[in-house]
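J.: Have a look at this one before I ask anything.
The values are calculated or read from the model by the stated rules, or taken from the named source; none is laboratory data. Please read these numbers as outputs of a predicted model, since none were measured by experiment. For neighbour counting, all protein chains shown are included, and Cβ atoms are generated from backbone atoms with ideal geometry for every residue, glycine included. All accessible areas refer to the heavy atoms of the entire protein, side chains included, with ligands and DNA or RNA removed. Shrake-Rupley method; radii C 1.70, N 1.55, O 1.52, S 1.80 Å.
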Amino acid sequence: DPTSEAVYHALGCCGGKASLRTLADAAAASDYDFAPYDATASYLRLLNRLAEQGDTKSALSAARSLGKATARANVRAAALELQLKYDTSKRTRLLLTALKDSNRAYRGAALDAANDFADETLEAAVAGTLSSLDDEARTDVVNWLGSRHAASQIGVITPLIRSTNDELAAAAIRAAGRIGGDEALEALIAALDGKHATEAASA
């Protein structure tokens, strides 16, 4: 009812550690849907506020539990984003684990969040997972590397231009075009007489 919504909102905005259980239970009761009484959004607001105020231990513990409590990709992604932001020692492991998830929206959210702290070392770690991923996840990674203009990973990307998976091959072509350089140019020229000639010419 409106009273519950007001209480949850207030706890999210000004509650402390003692409010965690109340909002966790309310979010679970709504099946982590953002609509009924907005308990889930209020819970996430509280977790982020606690972390910002220095109580990262409580916030991270709750975020880990939340990520395991629901299959909803948006809620899991929000919990992961908090962990990636504040659990700096585990960032790489958390991201690489997320890349093996079966939900594409969740993988995409993880990669988007990683942009805030990614460097060449992380790009190399992400590229290193390609052989262990399925083609859909590989496509997500290649798109991310291309959007970051990850020049150090061009040698991993160009062989994928010859992939039998059309989506992955097209992603590799686009990534090569964004990254540029001699190696990318040679690979794109070689693809001009292949099945993805149009994409290669555009890149």
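J.: What pairs come out if I take residues in the stretch 65-76 that are touching a residue at least 12 places away in the same chain (Cβ under 8 Å) and pair them with residues that are among the basic types (Lys, Arg) and surrounded by 15 or more Cβ atoms within 10 Å (Cβ to Cβ) whose C-beta lies under 7 Å away, six or more apart or interchain?
T.: Gly67/Arg76; Thr70/Arg76
One line per residue, one yes/no per condition, for (1) surrounded by 18 or more Cβ atoms within 10 Å (Cβ to Cβ); (2) of a type in the set (Lys, Arg); (3) under 30 Å from Asp119 (Cβ atoms); (4) in contact (Cβ under 8 Å) with a residue 24 or more places away in the chain:
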{"residue": "Ser4", "(1), (2), (3), (4)": "no, no, no, yes"}
{"residue": "Ala29", "(1), (2), (3), (4)": "no, no, no, no"}
{"residue": "Asp38", "(1), (2), (3), (4)": "yes, no, no, yes"}
{"residue": "Leu47", "(1), (2), (3), (4)": "yes, no, yes, yes"}
{"residue": "Glu52", "(1), (2), (3), (4)": "no, no, yes, no"}
{"residue": "Ala59", "(1), (2), (3), (4)": "yes, no, yes, yes"}
{"residue": "Ala62", "(1), (2), (3), (4)": "yes, no, yes, yes"}
{"residue": "Leu84", "(1), (2), (3), (4)": "yes, no, yes, yes"}
{"residue": "Arg93", "(1), (2), (3), (4)": "no, yes, yes, no"}
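J.: For the stretch 130-203, please list each of the helices (runs of 4 or more DSSP H) lying entirely inside it that holds at least 3 residues being in contact (Cβ under 8 Å) with a residue 24 or more places away in the chain, of a type in the set (A, V, I, L, M, F, W, C) and open to solvent by less than 30 Å² (accessible area, probe 1.4 Å). Break it down into steps so the answer makes sense when it comes.
T.: Working: elements: 135-147, 154-157, 166-179, 182-190, 197-202.
By residue number, 135-147, 166-179, 182-190.
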